[in-house]
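Data block below; observations after.
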Amino acid sequence: MLIDSHCHLEYEGLIEEQQAVLARARDAGVKGFLNISTRRSEWDRVIGTAADNPDVWASVGIHPHEADGHADLGEAALLKASEHPKVIGIGETGLDFFYDKSDREVQKSLFRVHIAASRATGLPLIIHTREAEDATASILEEEMGKGAFPALIHCFTASAAFGRKMLELGLTVSISGIVTFKNAKELQEFTREIPDDRLLVETDSPFLAPVPYRGKTCEPAYVRSTAEFVAELRGQSVDSLAETTTRNFFTLFAKASA
């Protein structure tokens, strides 16, 4: 049994045949899906899909690309939305200094709003970071000093040094199909280092389809290919990796087990 710990079921490429996408994934042994929101206008749809499918859960959050359009979003909105029984995570949120689609200071401020909501609810913080390692680490270290909160780095592509820092702070690391790419040698090496109890797998679908589907629209069924690749990297069977990552998912996202 595998869990796709990060997918966007409401996005173009998946939404048009959402139930068929889910059916193909279930047939591939994927028995759980975390449907991620990136802007407030998505929240109702993301939660609605989770409410309609017992094996789908939802998150509520604002992607750093969307920060400028949500600069006045307060913690209260996240807290209210997170009351829904199928909302099990806060995010995705974080910092993206690669595209810089939103002002960096607004990104940082909104990141802290999400952290406060995660701390208040106990729901894991789902973090996106790109070309923002120092700022991300600084904020997380400072905020952890104010009071711990559960968190993960999704679609990890950062440096090994950053990854080790995140592990030191107690975070979980989620690996996407990027790990299967030929040029992802550093990521592959770091993936071998991740402790068994801190590892998740995801698709980030409809993006980043793993080999052998690279170039196609990604979908949750493809998390099996990523899991098979990661299992081989780590010298274990795919069944063992599936068991480990599924256990880690339900340990981190404890509300999903309730």
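The values are calculated or read from the model by the stated rules, or taken from the named source; none is laboratory data. A quick note: this is a predicted structure, and the numbers were derived from the prediction, not measured. Counting neighbours? That spans all protein chains shown, and the Cβs are built from the backbone with ideal geometry, glycine included.
For every residue, the table says whether it meets (1) in a helix (DSSP H, G or I); (2) among the small types (G, A, S).
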| residue | (1), (2) |
| --- | --- |
| P212 | no, no |
| T217 | no, no |
| S225 | yes, yes |
| E232 | yes, no |
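All conditions in (1) closer than 20 Å to A50 by Cβ; (2) touching a strand residue (DSSP E or B) at 6+ places or on another chain (Cβ under 6 Å); (3) free of Cβ contacts under 8 Å to residues at least 60 places away in the same chain hold for S257, with the sole exception of (2). Among residues that are in contact with a Leu (Cβ under 7 Å, 6 or more places away or on another chain) and among the aromatic types (F, W, Y), W57 is included. Candidates are the residues of the stretch 23-36 that are of a type in the set (A, V, I, L, M) and surrounded by fewer than 24 Cβ atoms within 10 Å (Cβ to Cβ); the one that is nearest to D4 (Cα to Cα) is A28. Applying a threshold of 8 Å to beta carbon distances and a minimum spacing of six or more residues, or different chains, the list of pairs starting in the stretch 219-248 at a residue that is closer than 10 Å to L2 by Cα and ending at one that is at pLDDT below 95 reads A242/M1; E243/M1; T246/M1.
Could you check how many residues of the stretch 62-76 are touching a Phe, Trp or Tyr at 6+ places or on another chain (Cβ under 9 Å) and either among the small types (G, A, S) or in a loop (DSSP other than H, G, I, E, B) (or both)?
Of the residues in the stretch 62-76, 1 are touching a Phe, Trp or Tyr at 6+ places or on another chain (Cβ under 9 Å) and either among the small types (G, A, S) or in a loop (DSSP other than H, G, I, E, B) (or both).
Once the stretch 154-205 is narrowed to residues that are of a type in the set (S, T, Y) and more than 14 Å from the chain's Cα centre (by Cα), the residue that is surrounded by the most Cβ atoms within 10 Å (Cβ to Cβ) is T180. Hey, any hits in the stretch 206-221 for a residue that's more than 17 Å from G29 (Cβ to Cβ), touching a Gly at 6+ places or on another chain (Cβ under 7 Å) and of a type in the set (S, T, Y)? Scanning the stretch 206-221, I find at least one residue that is more than 17 Å from G29 (Cβ to Cβ), touching a Gly at 6+ places or on another chain (Cβ under 7 Å) and of a type in the set (S, T, Y), so the answer is yes. Contact map, the stretch 22-39: residues that are at negative phi and polar (S, T, N, Q) paired with residues that are crowded, with 16+ Cβ neighbours inside 10 Å and part of a strand (DSSP E or B), Cβ distance under 6 Å, separation 6+ or inter-chain. Pairs shown: N35/V56; N35/A58; S37/S59; S37/V60.
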